[in-house]
Amino acid sequence: MALHYATLVERSRLTTSILGLWEFACPFSGRLTRVSFSSSSDAGAGGAEFDVRRNGVSLFASGQPAILEGERSVAVDVSYTVGAGDRVEVDLSAVGAEGVGESVYAVLTFDDELGGGGGSLDAAAVRAVVAEMLQAGANVTLDYDAAAGTLTINASGGAPALTLEDVDDRVASLIVAGTNITKTYDDAAGTLILSAAGGGEVLPATAVTEGGETVTENGETVTEG
């Protein structure tokens, strides 16, 4: 069953951010399904951005509800589990210099069942459960956008990926020129040339003719037969 909590949170024009603009203890376990904010007059330059926290933790990693400049309301469908006694707080997290008001209203819609009826979970509820289960470990950040229904996992820090240049340099440093070998590494061209230098004695050529054997040795030719 859907239950709506509505309140007039302020009767004057708001020009500065306020934590705990409205707060209460949730009387049952269920799910927060929609948040909406409205103003009795157009928001000024810079608009106004709101946040909803559960037990001190923001429910919006990004995409916080905002009344834009010249507008009077905003509504966002969400799906967050709440427990009986959880402290729910509404903040005015950012506001332009011209403020918002004169009266500001907030409406939070809860469902006292954890699903879309009959105890079954709807798609939004499943996404929210998955987002709550995942925890960001070392060098990982999670960005859950309830309005878009997306969960983005980003790598941050850690060892950087190797480039082709890194691989070239590493291979060149691993190979060491031994005896009678020279190594030429051209970083700009990306080439590594191994060449033989000096070394063993070259044996003289030996030829056999029809009339006998011809042997070439130390520059002299000897014919037998």
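Derivation of every value follows stated rules applied to the coordinates shown; laboratory data play no part. Given the structure is predicted, the values throughout are model-derived calculations rather than measurements. For neighbour counting, all protein chains shown are included, and Cβ atoms are generated from backbone atoms with ideal geometry for every residue, glycine included.
May I ask you to compute the full-extension gain from Ala196 to Ser41, defined as 0.36 nm times their residue separation minus their alpha-carbon distance, rounded to one decimal in nm?
Answer, rounded to one decimal: 47.2 nm.
If I take every Cα pair under 8 Å that is 6 or more residues apart in the stretch 2-134, average their sequence separation and divide by the length, what percent do I get for the relative contact order?
Numbers: 342 pairs, mean separation 56.0, N = 133.
Relative contact order here is 42 percent.
Arrange the peptides 137-143, 68-74 so that the one whose residues have, on average, the most other Cβ atoms within 10 Å appears first.
Details: 137-143: 11.6, 68-74: 14.6.
Most protected by this proxy first, the peptides run 68-74, 137-143.
What FRET efficiency would be calculated for the residue pair Val107, Ala61, taking the C-beta separation as r and a Förster radius of 25 Å, to the nearest 0.05? The partial results should precede the final answer.
Values: r = 22 Å, r/R0 = 0.89.
So, using R0 = 25 Å, E works out to roughly 0.65.
Which length gain, in nm to one decimal place, applies between Ile18 and Ser156 when the Cα-Cα distance is subtracted from 0.36 nm times their residue separation?
46.5 nm
Among Thr33, Thr191, which comes first, then next, by fewest other beta-carbon atoms within 10 Å?
By the 10 Å Cβ count, ascending: Thr191, Thr33.
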